[in-house]
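Down below is the structure, laid out as structure tokens.
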Amino acid sequence: MRQFVGAQKNKTFPQEAFKRGFLAQRKVRQVVNAVDVREFTTSDDLEAFVEQRLGSADGLLLLIDQESAGLAKCIRSAALVCEIDVTRASRNYQNFLHDRLSKLAKTINYLARHFNDGSDAPLLSLPLRNFKCPALAGLQETIAADPCNSQIADSVDASLQRLRRRVRPRKKTSYKTKYAVDDKERFFVFGKEKHALPDSGAPHRRSCKLNSCFRFGCRIDDTRHFNVSEGEGDTTTISGEFTDCHGDKRSVAGGTHINMFSNDFF
């Protein structure tokens with residue numbers, strides 16, 4: 001299968017894959033890399049390979065042997081990760097791969113449309129560890145479980161509808177700013193200013209960077225952060241424990257708000 005994909009060079013997807021849908025008029029260019037996953041012994045090895053080959057790509061799709069899928073555990077919300085069951089593929093691997101790739105193309109087409117929507121993009125880009133909401137958690141689980149699922153559009157639509165119902169202004173204020181409000185009554189809104197980037201270098205991991213640039217296979221703007229606050233009214237303070245981009249717990253106390261990127265760095 002790896003040799004077959006590599007031999008196709010940049011024509012791996014079926015010809016009709018991007019002739020319909022949101023990406024049809026956007027001249028999709030495929031950049032395909034095939035590697036023996038047995039070369040990787042840790043998640044960091046796989047992430048390094050992805051980071052090195054990524055370039056300026058706007059989409060990130062990863063097909064990986066089911067037995068080695070654990071290597072992608074930290075970037076399942078950055079890439080669309082499709083696990084390959086080689087026992088099912090062994091009889092006619094070309095047809096099997098084309099079926100997987102056709103469904104992946106359909107999913108990335110669908111998601112790219114929502115990521116280019118001014119109101120849905122912030123909801124899809126919310127920090128996954130810190131925005132406490134079953135709809136967002138369910139969305140993450142659905143896509144991570146199997147991005148080739150033929151029912152994925154219906155599931156994502158249902159989750160987005162629930163997320164949209166969480167968007168509202170603060171109470172007891174004259175300001176019209178609308179926020180996504182989570183179960184802890186914390187208010188998330190994209191900041192208009194661009195004055196920082198997520199940190200890199202130790203203790204951060206390669207997955208921190210990848211999760212800041214991609215969400216569900218689509219590139220996101222890693223120069224944009226959310227302003228996170230809590231409470232109604234014009235004067236607010238925020239306190240509590242938050243989880244950062246590599247899973248460490250950090251406490252915040254007394255500020256008006258915190259700046260938090262999509263990968264949960266703050």
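The values are calculated or read from the model by the stated rules, or taken from the named source; none is laboratory data. These figures come from a predicted structure and were not determined experimentally. Positions of Cβ are generated from backbone atoms using ideal geometry, with glycine treated the same way; all protein chains shown enter the neighbour counts. Only protein heavy atoms, including side chains, enter the accessible area calculation; ligands, DNA and RNA are left aside. Shrake-Rupley method; radii C 1.70, N 1.55, O 1.52, S 1.80 Å.
Annotations
- Residue within the stretch 9-29 that is among the hydroxyl-bearing types (Ser, Thr, Tyr) and under 18 Å from residue 103 (Cβ atoms) present: yes
- Whichever residue in the stretch 232-243 is of a type outside the set (Val, Ile, Thr) and open to solvent by 30 Å² or more (accessible area, probe 1.4 Å) and, among such residues, is nearest to residue 187 (Cα to Cα): 232
- Matching residues in the stretch 159-188 - criterion: being open to solvent by less than 20 Å² (accessible area, probe 1.4 Å) and in a strand (DSSP E or B): 180, 181, 186, 187, 188
- Condition broken by residue 95, with the remaining ones in (1) more than 30 Å from residue 129 (Cα to Cα); (2) touching a residue at least 12 places away in the same chain (Cβ under 8 Å) satisfied: (2)
- The set of residues in the stretch 1-25 that are assigned to a helix (DSSP H, G or I) and open to solvent by less than 90 Å² (accessible area, probe 1.4 Å) comprises 4, 5, 6, 7.
- Of all positions in the stretch 36-50, none carries a residue that is open to solvent by 30 Å² or more (accessible area, probe 1.4 Å), in a loop (DSSP other than H, G, I, E, B), touching a Lys or Arg at 6+ places or on another chain (Cβ under 7 Å) and closer than 18 Å to residue 100 by Cβ.
- Where a residue in the stretch 4-31 is in contact (Cβ under 8 Å) with a residue 12 or more places away in the chain and on the phi < 0 side of the Ramachandran plot and its partner, wherever it lies, is open to solvent by 60 Å² or more (accessible area, probe 1.4 Å) and not in a loop (DSSP other than H, G, I, E, B), with Cβ under 7 Å and at least six apart: 4/93; 4/94; 14/98; 22/113
Residues are listed down the side, and each one gets a yes or a no for (1) loosely packed, with under 12 Cβ neighbours inside 10 Å; (2) at pLDDT 95 or above; (3) out of contact with any His (no Cβ under 7 Å at 6 or more places or on another chain); (4) of a type in the set (Asp, Glu):
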position: 193; (1), (2), (3), (4): yes, no, yes, yes
position: 201; (1), (2), (3), (4): yes, no, yes, no
position: 215; (1), (2), (3), (4): no, yes, yes, no
position: 229; (1), (2), (3), (4): no, yes, no, no
position: 261; (1), (2), (3), (4): no, yes, no, no
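- Qualifying residue in the stretch 52-59 (condition: assigned to a loop (DSSP other than H, G, I, E, B), touching a strand residue (DSSP E or B) at 6+ places or on another chain (Cβ under 9 Å) and either open to solvent by less than 30 Å² (accessible area, probe 1.4 Å) or in contact (Cβ under 8 Å) with a residue 60 or more places away in the chain (or both)): yes
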